[in-house]
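The structure under discussion is supplied below as structure tokens; questions concerning it will follow.
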Amino acid sequence: MESLKKNADFKNCYQNGKSFVNRYLVMYMCGNGQEKNRFGISVSKKVGNSVVRHRTVRLIREVCRLHENEFDTGYDIVFVARVRTKGIDYFKMEYELMRLAKRAGIVSVNGK
């Protein structure tokens with residue numbers, strides 16, 4: 001699993017990508033012309049202190065890591081955590097993230 005690190009990559013995804021929203025996450029996705037996906041995660045200070053924000057990042061990263069083989073390849077995907085993610089458990093995060101990915105059409109048929 002590769003991650004987005006450069007601000008320009010995040011901006012490109014925000015400006016040129018499609019967005020999908022639910023109560024807990026906003027997902028931006030755009031093509032990257034490669035045979036792999038790159039994931040970016042953004043958590044605002046509005047979500048909570050550094051411990052809460054880092055826990056949220058770890059949850060999102062773990063869901064992406066475990067379900068990496070279910071995603072179609074060739075996308076840059078940015079997840080932006082909304083304020084409601086504070087205190088969410090792993091299974092709820094997994095359900096919501098995979099539901100967003102399915103709505104975006106980037107999860108293969110055997111996806112959750």
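If you scan region 1-17, which residues turn out to be surrounded by 11 or more Cβ atoms within 10 Å (Cβ to Cβ) and either in contact with a Phe, Trp or Tyr (Cβ under 7 Å, 6 or more places away or on another chain) or among the small types (Gly, Ala, Ser) (or both)?
Once the filter is applied, which keeps residues that are surrounded by 11 or more Cβ atoms within 10 Å (Cβ to Cβ) and either in contact with a Phe, Trp or Tyr (Cβ under 7 Å, 6 or more places away or on another chain) or among the small types (Gly, Ala, Ser) (or both), region 1-17 yields Met1, Ser3, Leu4, Cys13, Tyr14, Gly17.
Restricting attention to region 77-96, does a residue exist that is open to solvent by less than 60 Å² (accessible area, probe 1.4 Å) and at positive phi?
No: zero hits.
Each row is one residue, and each column tells you yes or no for (1) within 12 Å of Leu97 (Cβ to Cβ); (2) in contact with a strand residue (DSSP E or B) (Cβ under 8 Å, 6 or more places away or on another chain).
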site	(1), (2)
Arg38	no, yes
Asn49	no, no
Arg58	no, no
Arg61	yes, yes
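The values are calculated or read from the model by the stated rules, or taken from the named source; none is laboratory data. As the structure is a computational prediction, the values presented were derived from the model and not from experiment. Every residue, glycine among them, receives a Cβ derived from its backbone with ideal geometry; neighbour counts consider all protein chains shown. We work out accessible area using only protein heavy atoms, side chains counted, and drop any ligands, DNA or RNA first. Shrake-Rupley method; radii C 1.70, N 1.55, O 1.52, S 1.80 Å.
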